[in-house]
Amino acid sequence: MQTGFWQKINIELMVWPLGLILLYYINPNAKGNSLCLLKRAGLSFCPGCGLGHGIHYFLHGQWEMAFHHHWLSPLVVVVLGYRIVQLAILQYADFKHS
């Protein structure tokens, strides 16, 4: 039985670019509800706090602000970029062989 096009799409390949696009367009200065589950649970400490804002600033070329919000944000962008390319190559090979 042959699998359909949508069944062969790697979900991870769709999630990471979408996440980076959303982080590019967020407004880090907007006040409102946090997406952080730990903050919503009432915990004050979160090791990832500021990571989304740091990624936003890094994607906009504001490296000093990126490091200020979370020192790992540049590394996360590089790792996700690498993972997206890796998944795209695997997805292309999968489609090419079917």
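Of the candidates 61, 42, the single residue that is at pLDDT 95 or above and loosely packed, with under 14 Cβ neighbours inside 10 Å is 61.
Checking each residue in the stretch 17-31 for being part of a helix (DSSP H, G or I) and under 18 Å from residue 50 (Cα atoms) picks out 19, 20, 21, 22, 23, 24, 25.
Of the residues making up the stretch 28-65, those that are polar (S, T, N, Q) and either in contact with a Gly (Cβ under 6 Å, 6 or more places away or on another chain) or within 21 Å of residue 18 (Cβ to Cβ) (or both) are 33, 34. Pairs meeting the criteria (first residue in the stretch 72-98 and over 21 Å from residue 58 (Cβ atoms) and among the small types (Gly, Ala, Ser), second residue surrounded by 12 or more Cβ atoms within 10 Å (Cβ to Cβ) and at pLDDT 95 or above, beta carbons under 6 Å, at least 6 apart or on different chains) are lacking.
Figure legend. Inter-residue proximity from the stretch 1-23: first residues modelled with pLDDT of 90 or more and surrounded by fewer than 12 Cβ atoms within 10 Å (Cβ to Cβ), second residues in a helix (DSSP H, G or I) and of a type in the set (Gly, Ala, Ser), beta-carbon distance below 6 Å, spacing 6+ or different chains. No pairs are indicated.
The values are calculated or read from the model by the stated rules, or taken from the named source; none is laboratory data. Note that the structure is a prediction, hence the values are computed from the model and not measured. Don't worry about glycine lacking a Cβ; one is built from the backbone with ideal geometry, like all the others, and counts go over all protein chains shown.
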